[in-house]
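Take a look at the structure set out below.
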């Protein structure tokens, strides 16, 4: 017996996004990546999906940020293994761009920004989590569009690209085919909202129940905007 | 300026757990691991913590379960890189045991169960997420103690070890120094409850706000118990 089965209301396989790519760079925030991915891991039990993990090189990528941004007295990191570089990344339907302390160092994400600029016109959708929106903003793709980002890092993040119409009070924002979300755990809510749109609400509910996750269903739910006085 | 700073109410570094180890095996559930770890990653910005990622060998460990449990038409997996084996695992304060479809295959987790049995007497605390409790139960450590597990996989999981006092309605359960949680995303709630106990409530709140995560603070909150008719 299959572990999960598609409800009859699910959108058929020919119509939905199947090819995903996630961008990683040193100092990425783990939950920015693995929150959305684990929801999609579970979805891949019922759809024939493919994931590319894309970085500058194929070497394992650590959550440890380069330079002086990490605690020199701590040694508490994880590494993920890419299967594509920014040069070899295959055609995608959806690209996911995580945030993380590592993107405060420009030289650490230059090639990722170039890749986002190059790949965006070929995508059906682009999803950002946390300060991942800064990479997409710097690629020039968000100019004149509405987007949100991490609320604690708000001021420093929006300063990178004032041409974006930054939305301070939102769990996530959809503008055209770009879905941007607030800090870290908001990535889980945006992926479920995206899943409901793309595959069907019953599918999203099934996967959320599989993960025993209580979704925030209102994109305007955002206590952290107030907490950080935005 | 530091990214985060400890509140004055935080417990001093000499008194708290600093050495963590997480067990991984093929087919682990990504969020079981990276939910708790990302909360702890953030905590390691203010405490001198160390993480060991412990597996049977040092080869990268994939979320892909062995054999026929994955969708043969999908290719959607991530790999984490261990830095210790069950043989070389260093002294720990806290061990985290995740669940995942991979532990439905006994031969896939035999060495992990042996390791749990060996390491438990040396730990200050043991934390299980989802069906990770099944490994600890099979190690014989939970006999006569209260514990919970994934609610969707309830019947098959508790059957492994009826000697445990399984609690069907709970987000997490504490019995002695063992903290067990319900399915997948419950791992995030249990780590914050543990953090509040071990480092201080203000610390836990600070890290939750850093991750823009709304904690479930009531260990008895569990809509999934009812959903799955337990």
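The values are calculated or read from the model by the stated rules, or taken from the named source; none is laboratory data. Computed from a predicted structure; not experimentally measured. Using ideal geometry, Cβ is built from the backbone for each residue, glycine included, and neighbour counts are taken over all protein chains shown.
Points to keep in mind about this one:
- Residue satisfying condition, being buried (at least 24 other Cβ atoms within 10 Å of the Cβ), modelled with pLDDT of 95 or more and either under 28 Å from residue A:91 (Cβ atoms) or in contact with a strand residue (DSSP E or B) (Cβ under 6 Å, 6 or more places away or on another chain) (or both), within set A:141, A:188, A:178: A:188
- Some residue of region B:217-227 being surrounded by fewer than 19 Cβ atoms within 10 Å (Cβ to Cβ) and under 19 Å from residue B:96 (Cβ atoms): no
- Of all residues in region B:153-178, those that are more than 29 Å from residue B:197 (Cα to Cα) have Cβ atoms under 7 Å from Cβ atoms of residues that are buried (at least 16 other Cβ atoms within 10 Å of the Cβ), 6 or more apart or on another chain, in B:160/B:134; B:160/B:137; B:160/B:138.
- In region A:37-79, the residue that is nearest to the other protein chains (Cβ to nearest Cβ) out of those that are out of contact with any strand residue (DSSP E or B) (no Cβ under 9 Å at 6 or more places or on another chain), within 18 Å of residue A:17 (Cα to Cα) and not in a helix (DSSP H, G or I) is A:45.
- Filter result for residue A:86 (free of Cβ contacts under 8 Å to residues at least 12 places away in the same chain, buried (at least 18 other Cβ atoms within 10 Å of the Cβ) and in contact with a helix residue (DSSP H, G or I) (Cβ under 8 Å, 6 or more places away or on another chain)): no
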